[in-house]
Amino acid sequence: MQNDIEINNLFFSYDGTSVLEDITLQYNSKDFLAIIGPNGGGKSTLLKMMIGLLKPLHGEVLLFGKNPLHVSHEIAYVPQDTIANKDFPIKVLDVVLMGRLSKSKFFAPYSKEDYAIAYEMLDKVGMKGFENQKINALSGGQRQRVFIARALACDAKIIFLDEPTASIDTAGQMNMFQLLKTLNKTVGIVIVSHDVNVALNYATKVAHVNKTLYLHDVSKEESFALAQNPKEHICPIELICARRCNHLHKELL
Amino acid sequence: MIDLFAFDFMQNALFASVLVSVICGVIGTLIVINRMVFIAGGIAHGSYGGIGLALYFGIAPMLGASLFALFLGLVIAYITHQNSTRIDSLIGVIWAFGMALGIVMTDLTPGYNVDLMSYLFGAILSVSNEDIYGMSGVFVLVLAFALLFYKQLLAMSFDAQFAKLRGVNITLLYFGLVLMTALGVIIVIRAVGLILVIALLTIPPYIAEKMTNSMGSMMLISSLLSVLFCVIGLIISSFFNLSAGASIIMIGSISFFIQFLYSKWRT
């Protein structure tokens with residue numbers, strides 16, 4: 001079976017400084033993949049390479065078996081919440097409509113169907129009733145929900161999110177991940193996060209990136225199996241130091 | 001006051017004001033939300049080189065300025081699109097180079113007798129019919145650009161990376177925007193001069209931005225504000241015998257300060 005994302009022996013560097021080395025990864029959109037790791041470890045760089053915003057130095061990245069830029073209409077990207085342009089004159093509804101850009105006619109305005117989809121997606125992320133608000137009047141968490149609605153409006157098969165909760169309080173973060181978890185029933189979720197808890201509680205696959213990549217599987221059946229066997233388990237220490245942890249967990253015995 | 005607008009030159013000035021105002025409203029809005037004010041400034045001042053070259057080679061100064069501005073626009077679009085570091089310094093160099101070239105070329109032109117002041121401070125009271133044709137042409141181009149690519153321009157201004165992933169050709173659209181800016185700047189120079197062009201491009205959109213939540217209505221409101229500034233400025237300038245361009249900008253600046261203080265007072 002073809003993987004939705006296939007990365008083989010990927011290398012990348014910024015101005016001669018090596019950022020990613022020999023990355024290999026397979027991903028299928030039924031999974032909730034969390035990319036974690038320290039600041040400057042190359043998480044966002046890897047994400048940008050998956051969607052074709054950056055090109056690898058060596059190695060290959062295949063999205064649905066093709067060059068990422070050729071299938072960019074099949075995926076959606078939710079950027080970090082960094083709106084420097086504080087007064088940007090745009091309504092929530094117009095932001096979500098942007099998701100319909102590649103589906104609608106080039107010169108024509110957005111169609112009725114586009115509007116219907118935009119309303120539907122706002123409802124789906126719990127932002128119904130905010131259509132005519134200025135985007136910058138929203139809180140960080142609400143704004144991220146709008147960006148997720150925009151991503152959903154793209155009809156994407158995989159949604160990529162870059163630190164979507166960086167500016168949100170803890171309760172807001174939990175809501176957000178619960179929403180993503182629900183969405184994961186129909187679309188693939190690939191998320192960059194520095195938060196280990198996310199990886200433990202919501203992800204089914206965790207990629208620890210710090211120049212090199214270490215992949216943890218935390219799918220339901222397996223985590224049960226892991227719990228049965230103290231030598232085969234996943235624990236927070238593993239996630240942080242990016243290698244198999246061999247110590248004995250008393251609580252599992 | 002009705003008498004005032006009975007004069008032909010006043011009617012021309014009024015008509016030119018409306019054309020210039022709409023161009024300013026549309027292009028100025030795009031410049032402000034894309035944070036390209038410094039780029040517009042570089043093109044405006046750099047285009048002085050085109051005036052110098054035109055005088056030296058004996059072609060129409062505004063034509064020279066337009067061609068040179070388009071050339072500078074291409075250079076600046078290339079530099080900024082490459083995302084190279086120190087973009088502001090590079091634009092600063094182009095800004096100064098254009099002005100220096102203009103001065104040197106006029107020095108070299110034997111017995112120059114053109115009123116350079118009109119390019120520095122504008123001459124809206126002496127716009128000719130040819131000027132009106134030129135302005136109308138740019139007016140149509142700018143409106144067509146903004147209407148046809150409205151969705152794409154909005155998406156690029158708000159989130160260029162997302163727009164790119166949705167299949168918008170960011171490179172082409174950005175070059176188009178900078179070239180439209182160059183054309184717009186040249187037209188506005190005719191009205192208020194290259195020293196003051198930035199004010200008319202930024203003040204109306206800045207005020208309008210606070211009053212609306214859509215790019216289209218921001219363009220509309222800034223166009224209306226700009227018409228208002230131009231008409232009031234023209235009337236005041238003829239009553240008190242002041243420079244038209246500077247009067248227009250004074251009205252705009254005073255409105256800006258009032259709006260600024262009002263919004264500070266309200267919060």
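Data overview
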read-out	value
Residue-by-residue Karplus 3J(HN,Hα) for the stretch B:43-49, coefficients 6.51, -1.76, 1.60, Hz, glycine and proline x	5, 4, 6, x, 5, 4, x
Estimated FRET transfer efficiency (B:L242, A:K185; beta-carbon r; R0 45 Å; 0.05)	0.05
Under-5 Å amide H pairs with A:Y77, H placed in peptide plane, nonlocal only	A:F160
Residues B:M219, B:M10, B:M117, B:M180, sorted so that the one with the fewest Cβ neighbours within 10 Å comes first	B:M117, B:M10, B:M180, B:M219
Model label zone, A:S139; criterion: amide N under 12 Å from point 7 Å along Cα-to-beta-carbon; scope the stretch A:169-183	A:169-176
Dipole moment magnitude, nearest 20 debye, the stretch A:1-63 about Cα centre, only Lys, Arg, Asp, Glu C-beta charged	200 debye
Extended-chain gain in nm, criterion 0.36 nm per residue less alpha-carbon gap, B:L224 and B:K210	3.6 nm
Candidates per trypsin sites (Lys or Arg not before Pro) in the stretch A:177-210, loop by DSSP, up to 15 other Cβ within 10 Å	A:K185
Amide H partners (placed H, <5 Å) of A:G188, local residues excluded	A:I158, A:I159
Three principal axis lengths of the protein assembly as shown [C-alpha, angstrom, descending]	97, 49, 42
Residue-by-residue Karplus 3J(HN,Hα) for the stretch B:183-189, coefficients 6.51, -1.76, 1.60, Hz, glycine and proline x	4, x, 4, 4, 5, 5, 4
³J(HN,Hα) computed for each position of the stretch A:21-34 - Karplus, 6.51 cos²θ - 1.76 cosθ + 1.60, integer Hz, glycine/proline x	10, 6, 8, 10, 7, 10, 9, 10, 6, 6, 8, 9, 9, 9
FRET E, pair A:N39, B:R86, Förster distance 30 Å, beta-carbon r, rounded to 0.05	0.70
Net lengthening on full extension, B:L147/B:I59 (0.36 nm per residue, minus Cα-Cα)	28.3 nm
Lys/Arg +1, Asp/Glu -1 at C-beta; the stretch B:4-266 dipole; positive extreme among B:G50, B:G73, B:L116	B:G73
Entries in A:K30/A:K55; A:K124/B:K210; A:K48/B:K164; A:K112/A:K185; A:K48/A:K157 that, when Cα-Cα distance is taken, lie over 23 Å	A:K30/A:K55; A:K124/B:K210; A:K112/A:K185
5 angstrom amide H check on A:F32, placed H, neighbours 5+ away	A:T204, A:K205
Relative contact order (%) - criterion: Cα under 8 Å, at least six apart; region: the stretch B:4-266	32 percent
Whole-percent pair-distance distribution, where bins are 10 Å wide, for the alpha carbons of the stretch A:1-72	20, 55, 23, 2
Extension gain, B:I103 back to B:Q11 (0.36 nm per residue minus Cα-Cα distance, nm)	29.8 nm
Rg ratio (alpha-carbon, reference 2.2 N^0.38 Å) - the stretch B:4-266	0.99
Cα coordinate range in the stretch B:1-75, projected on the principal axes (Å, largest first)	46, 38, 13
Taking B:I189, B:I87, A:I75 and counting other C-beta atoms within 10 Å, the order from fewest to most	B:I87, A:I75, B:I189
Distance in nm between pseudo-label sites at B:I170 and A:E60 (7 Å out along the Cβ direction from Cα)	2.6 nm
C-alpha center-to-center spacing [the stretch A:128-204, the stretch B:154-180] in angstrom	25 Å
Per-residue Cβ neighbour rank within 10 angstrom, fewest leading, A:T17, B:T109, A:T165	A:T17, B:T109, A:T165
Debye log10 I(q)/I(0) for the stretch B:157-267, one point scatterer per Cα, at q = 0.15, 0.18, 0.20, 0.23 Å⁻¹	-0.77, -0.98, -1.10, -1.25
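We did not get these values from a lab; they are worked out from the coordinates using the rules stated. Given the structure is predicted, the values throughout are model-derived calculations rather than measurements. Positions of Cβ are generated from backbone atoms using ideal geometry, with glycine treated the same way; all protein chains shown enter the neighbour counts.
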